[in-house]
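> Below you will find the structure I want to go over with you.
The values are calculated or read from the model by the stated rules, or taken from the named source; none is laboratory data. In this text the structure is predicted, and so the values were computed from the model without any measurement. When we count neighbours, we look across all protein chains shown, and the Cβ atoms used for this are built from the backbone with ideal geometry, even at glycine. When the accessible area is computed, the model is the full protein with side chains, heavy atoms only, and any ligands, DNA or RNA have been set aside. Shrake-Rupley method; radii C 1.70, N 1.55, O 1.52, S 1.80 Å.
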Amino acid sequence: MTSPPDRVAVIGDVGGHVAVLRAELVRLGADPDTGRIPEDLVIVQLGDLVHRGPDSAAVVDLVDVMLRGGQGRWVQLVGNHEAHHVADRVFEWPEELPAAAADRLRAWWSDGSMVVAAAFRAPSGDFLVTHAGLTAGFWRSVLDTPVTAAQTAARLNAWAGRTAGALFRTGSMVNRKRPSIAAGPLWAEAGRELVPSWFETRMPFSQVHGHSSIVDWETGELRGSAAVIHITSADPQTRHEVSRLGGGAIIGVDPCHGQEAAPVSAAWVSDRIGAVVTRPA
Ligand SMILES: [Mn+2]
């Protein structure tokens, strides 16, 4: 990267919907055919590229174009659906990815093209981006309370390329476990684990995540305890939700695609930013 970018766009879960991803890239001024990304922009895709929709292999191909053509301005994070192919399996999934696509996910993981976390600093705060969000319990007990988002991203990215470890710790979404305030950053459920985990702890920075939503976007209903609902607001035009806590905000951008694409989805775009951190320090 030659100069610090002005903006970061965080693209939520794609779920095998290549047409949705292509359209969003064009909207952001990127070129899905060459991978070119405007020089003032960094794009972070927060994982769960594959499964559910019809075109998982095509999504992997498109992201490969962006990684090659984006001059370092595409930051690919790992989601639990990528982890299913690059690490020990912790859940069953009925679909098989074509072997070439699964091989490519493994290559990204082993060569450092796909990482765990990104961090950036904007006028509105210091931000950590992970697939499912960082719970207070994981931040405390596994990461030892790093103070900045950049330090936290560096500690999380120390797991990049590995196939086992605390990174892959599940939560209540697997095997119907009880909610855990120390669920891992690939699995924490927004309404029952991620947001409540920070009720007793001042957030050291803000976060952007995908993976799950507090809002049922089909009905507009908020799911969770009264305390969670009280601090959360939702924008049905973008399918972004914001929970305001002491010390920062938790911003959810999972549009909740199913086998069919969600009717609306949009990248979350920051205000002016400083450096993006994706590698271990
Ligand atoms: Mn997920």
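> Could you pull out which residues in the stretch 60-88 have an amide N less than 14 Å from a spot 7 Å beyond the Cα of Arg106, following the Cα-Cβ vector?
Flagged as within label range: 83-88.
> Heavy-atom accessible area per residue, the stretch 7-269, 1.4 Å probe: how many Å²?
The answer is 40 Å² per residue.
> Taking the Cα centre of the chain as origin, sum charge times position over the Cβ atoms of Lys and Arg (+1) and Asp and Glu (-1), and report the length of that vector in debye to the nearest 20. Show your work: numbers first, answer last.
Working: 25 positive and 31 negative charges, 175 e Å.
Approximately 840 debye in magnitude.
> Choose one answer from Glu95, Glu241, Glu221: the residue with the largest mean-square fluctuation in a GNM of the chain with alpha-carbon springs under 10 Å.
So, out of Glu95, Glu241, Glu221, the one fluctuating most is Glu95.
> Could I ask something else about it? Carbon and sulfur atoms: what percent of the 1.4 Å accessible area of the stretch 7-269 do they account for?
Within the stretch 7-269, the accessible surface is 49 percent carbon and sulfur.
> Please identify which residues in the stretch 217-243 have an amide N closer than 20 Å to a label point set 7 Å out from the Cα of Val264, following the Cα→Cβ vector.
Once the point is set 7 Å along Cα→Cβ of Val264, 217-223, 232-243 turn out to lie under 20 Å by backbone N, inside the stretch 217-243.
> Also, quick follow-up: Do any GluC sites (Glu not before Pro) in the stretch 181-215 lie in a loop, going by DSSP, with at most 15 other beta-carbon atoms within 10 Å of their beta carbon, and if so which?
The qualifying sites are Glu200.
> If you don't mind, another one. Would you please classify the overall shape of the chain from the alpha carbon gyration tensor, given that a ≥ b ≥ c denote the square roots of the eigenvalues, rounded means a/c under 1.5, and beyond that prolate means a/b larger than b/c while oblate covers the rest?
Numbers: a/c = 1.26, a/b = 1.18, b/c = 1.07.
Verdict is rounded for the chain.
> How long is the gain from Thr163 to Trp93 if the chain were fully straight, where each residue apart is worth 0.36 nm and the alpha carbon distance is subtracted?
Between Thr163 and Trp93, full extension yields an extra 23.4 nm.
> For the chain, what is the mean residue ellipticity at 222 nm derived from helices alone (per DSSP H run of n ≥ 4: -39500 (n - 2.57); sum divided by total residues; nearest 500 deg cm²/dmol)?
Numbers: 7 runs with 64 residues, N = 281.
Only helices count here, giving -6500 deg cm²/dmol.
> Give a quick list of chymotrypsin sites (Phe, Trp or Tyr not before Pro) in the stretch 193-234 that DSSP marks as loop, anything other than H, G, I, E or B, with at most 14 other Cβ atoms within 10 Å.
Filter output for the stretch 193-234: Phe199.
> I would also like to ask the following. Calculate how many DSSP beta bridges within the chain are antiparallel, expressed in % of all such bridges and rounded to the nearest 5. Could the numbers behind the result be given before it?
Numbers: 19 of 35 bridges.
Of all bridge pairs located within the chain, approximately 55 percent are antiparallel.
> Give me the one-decimal nm value for the distance between modelled label points at Thr145 and Arg178, 7 Å along each residue's Cα-to-Cβ direction.
Label-label distance for Thr145 and Arg178, simple model: 2.5 nm.
> Summing Lys, Arg as +1 and Asp, Glu as -1, what charge do residues with Cβ under 9 Å from the Cβ of Ser213 carry, Ser213 excluded?
Value of the local net charge: -1.
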